[in-house]
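*Asks:* Provided herewith is a single structure, encoded as structure tokens, for subsequent inquiry.
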Amino acid sequence: MAELGSKGVTAGKIASNVQKKLTRAQEKVLQKLGKADETKDEQFEQCVQNFNKQLTEGTRLQKDLRTYLASVKAMHEASKKLNECLQEVYEPDWPGRDEASKIAEVRNNDLLWMDFHQKLVDQALLTMDTYLGQFPDIKSRIAKRGRKLVDYDSARHHYESLQTAKKKDEAKIAKAEEELVKAQKVFEEMNVDLQEELPSLWNSRVGFYVNTFQSIAGLEENFHKEMSKLNQNLNDVLVSLEKQHGSNTFTVKAQPSDGTPAKGNKSPSPPPDGSPAATPEMRVNHEPEPAGMAAPGATLPKSPSQPGEASEVAGGTEPVAGAQEPGETAASEAASSSLPAVVVETFSATVNGAVEGSSGAGRLDLPPGFMFKVQAQHDYTATDTDELQLKAGDVVLVIPFQNPEEQDEGWLMGVKESDWNQHKELEKCRGVFPENFTERVP
């Protein structure tokens, strides 16, 4: 009996979802054709535009802040290596060696750098994450409000059509009025909440940006003050060294911008055996490599075909001797070069059109129309019968909407991988879910 009851609930849910999607699709078509009026709220639309702008700005700031933190770590490592080099080149008989070594050790000390980095994380990045953490829920509620508005308009038009009909059915009119009141209540509850939250969230951005950049500026100021003291002490030591070895001061001569040797510069002497100099060409570290040159040990780009496909093509039937098939010439030319054999085989197969791209859409273990997978990063509680209930970590197989008109911005259609593997029935398992609660996975 429990099993029969469960099946009845599932069937009822499926029927309700199908009917709701059909009604929304019909309403949207009528609105686009101008045959049904659409409830508009220009003030709310402006709030939504501000919300999207604020989300875009916050996401960019978070990304740039993470890049900045990575750069601080990289600068720490570079500074450490530079100070180690100073200790190595500072000769034992030079005055100030002990002082230079002590300064370098302090500059190398992880405490100063790690304290700077950790405070940036605590006072800027974590605050940034908390700030952005409120956007996914609000974004999903905005999208849901849009769907509930369509439901409200549909119920309103249905009620009006029954009232204006030549032959009135009081029972249907009463039921339509009840549905209208219910749809209006659901929509207005969501609308009122968002009308209050969106302006408040928009106004909060000023204080957040001020606090974030004040924290970064203050931390940078303190860090560079400490580093400035060490730099000044090191400079004093080097000035003392220069005074005692003033006669051996090295003067940097300017070089012409076209790269030709400056006047008075002599060409280096050739090697004793008269052979060409073996010194490799030196390149300034910020100059790009010439196009087409690859670093030693660099791998060649992979073929767009899958590894398994390349093997099948390589092991295919050989062409009849003397027959020139399309791509044979290209393959032979590639084979005459220094490319590896597997690259030549893949290239030949690609030219002949033998390599075919694989797609998950035709695989039996995936639902029809499968596009890609996503994984839930946050829990999502379904608030409608056509929505998926998600737990963080759930993998969802994304499929297209049966009717593209039904898709709202920020929402995807899919089926949880665990449900699909167990039932293999889309009608029972699929549903919509907010895209921003998930991340795409391979």
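The values are calculated or read from the model by the stated rules, or taken from the named source; none is laboratory data. Just so it is clear, the structure is predicted and the values come from calculations on it, not from any experiment. As a convention, Cβ positions derive from the backbone with ideal geometry for all residues, glycine included, and neighbour counts pool all protein chains shown. For the accessible areas, the whole protein counts, side chains as well, though only heavy atoms, and no ligand, DNA or RNA atoms are used. Shrake-Rupley method; radii C 1.70, N 1.55, O 1.52, S 1.80 Å.
*Asks:* Restricting the search to segment 59-100, which residues are open to solvent by 60 Å² or more (accessible area, probe 1.4 Å), farther than 29 Å from Gln214 by Cβ and in contact (Cβ under 8 Å) with a residue 24 or more places away in the chain?
*Replies:* Within segment 59-100, Glu84, Trp94, Glu99 meet the criteria.
*Asks:* Could you check, for segment 162-169, whether at least one of its residues is in a helix (DSSP H, G or I) and open to solvent by less than 70 Å² (accessible area, probe 1.4 Å)? Steps first, answer last, please.
*Replies:* In the first step, residues of segment 162-169 are kept if they are in a helix (DSSP H, G or I); the result is 162-164.
Filter once more, so that each one left must be open to solvent by less than 70 Å² (accessible area, probe 1.4 Å): 162.
Yes, segment 162-169 contains a residue that is in a helix (DSSP H, G or I) and open to solvent by less than 70 Å² (accessible area, probe 1.4 Å).
*Asks:* Among residues belonging to segment 407-442 that are acidic (Asp, Glu) and touching a residue at least 24 places away in the same chain (Cβ under 8 Å), point out the one that is nearest to Pro367 (Cα to Cα).
*Replies:* In the first step, residues of segment 407-442 are kept if they are acidic (Asp, Glu); the result is 408-409, 417, 419, 425, 427, 435, 439.
Restricting the remaining residues to those that are touching a residue at least 24 places away in the same chain (Cβ under 8 Å) gives 408-409, 417, 427, 435, 439.
On the way: Asp408: 22, Glu409: 23, Glu417: 10, Glu427: 11, Glu435: 19, Glu439: 20 Å.
Looking at residues that are acidic (Asp, Glu) and touching a residue at least 24 places away in the same chain (Cβ under 8 Å), I get Glu417.
*Asks:* Given the condition part of a helix (DSSP H, G or I), among the aliphatic types (A, V, I, L, M) and modelled with pLDDT of 80 or more, answer yes or no: does some residue in segment 101-111 qualify?
*Replies:* Going through segment 101-111, the residues part of a helix (DSSP H, G or I) turn out to be 101-108, 110-111.
Restricting the remaining residues to those that are among the aliphatic types (A, V, I, L, M) gives 103-104, 106, 111.
Narrowing the set further to residues that are modelled with pLDDT of 80 or more leaves none.
Looking for residues that are part of a helix (DSSP H, G or I), among the aliphatic types (A, V, I, L, M) and modelled with pLDDT of 80 or more, one finds none in segment 101-111, hence no.
*Asks:* Consider Val48 carefully, then state whether it is open to solvent by less than 60 Å² (accessible area, probe 1.4 Å), β-branched (Val, Ile, Thr) and modelled with pLDDT of 70 or more.
*Replies:* yes
*Asks:* Can you name the residue in segment 404-442 that is among the charged types (D, E, K, R) and part of a strand (DSSP E or B) and, of all such residues, is nearest to Lys373 (Cα to Cα)? Full working, then the answer.
*Replies:* Residues of segment 404-442 among the charged types (D, E, K, R): 405-406, 408-409, 416-417, 419, 424-425, 427-428, 430, 435, 439-440.
Filter once more, so that each one left must be part of a strand (DSSP E or B): 416, 439-440.
On the way: Lys416: 10, Glu439: 9, Arg440: 6 Å.
Here the answer is Arg440.
*Asks:* Which condition breaks for Glu91 when tested against (1) part of a helix (DSSP H, G or I); (2) at pLDDT 85 or above; (3) of a type in the set (D, E, K, R)?
*Replies:* It fails just one condition, (1).
*Asks:* Name the single residue, out of those in segment 135-159 being in contact with a helix residue (DSSP H, G or I) (Cβ under 7 Å, 6 or more places away or on another chain) and open to solvent by 50 Å² or more (accessible area, probe 1.4 Å), that is farthest from Ala376 (Cα to Cα).
*Replies:* Here the answer is His158.
*Asks:* A further question on this structure: How many residues, within segment 141-170, are polar (S, T, N, Q) and either in contact with a His (Cβ under 9 Å, 6 or more places away or on another chain) or more than 19 Å from Lys32 (Cα to Cα) (or both)?
*Replies:* Within segment 141-170, the subset polar (S, T, N, Q) is 154, 161, 163-164.
Okay, now just the ones that are also either in contact with a His (Cβ under 9 Å, 6 or more places away or on another chain) or more than 19 Å from Lys32 (Cα to Cα) (or both), so 163-164.
The total comes to 2.
*Asks:* Please verify whether segment 209-221 includes one or more residues that are modelled with pLDDT of 90 or more, under 30 Å from Tyr152 (Cα atoms) and open to solvent by less than 90 Å² (accessible area, probe 1.4 Å). Write out each step before concluding.
*Replies:* Taking segment 209-221 first, the residues modelled with pLDDT of 90 or more are 209-221.
So of that shortlist, the ones also under 30 Å from Tyr152 (Cα atoms) come out as none.
Taking every residue of segment 209-221 in turn, none turns out to be modelled with pLDDT of 90 or more, under 30 Å from Tyr152 (Cα atoms) and open to solvent by less than 90 Å² (accessible area, probe 1.4 Å).
*Asks:* Quick test of your reading of the structure: Thr381 fulfils all but one of (1) closer than 18 Å to Pro136 by Cβ; (2) under 21 Å from the mean Cα position of the chain (by Cα); (3) open to solvent by 20 Å² or more (accessible area, probe 1.4 Å). Name the failing condition by number.
*Replies:* (2)
*Asks:* Oh, and also: Among Pro367, Pro404, Pro400, which is in contact (Cβ under 8 Å) with a residue 12 or more places away in the chain, over 12 Å from Phe437 (Cβ atoms) and open to solvent by 30 Å² or more (accessible area, probe 1.4 Å)? Outline the logic, then answer.
*Replies:* On the way: Pro367 fails: open to solvent by 30 Å² or more (accessible area, probe 1.4 Å); Pro404 fails: in contact (Cβ under 8 Å) with a residue 12 or more places away in the chain.
After ruling out the rest, the residue left standing is Pro400.
*Asks:* Determine which single condition Glu427 fails, assuming it passes every other condition in (1) touching a Ser or Thr at 6+ places or on another chain (Cβ under 9 Å); (2) over 19 Å from Lys144 (Cα atoms).
*Replies:* That leaves (1) as the condition not met.
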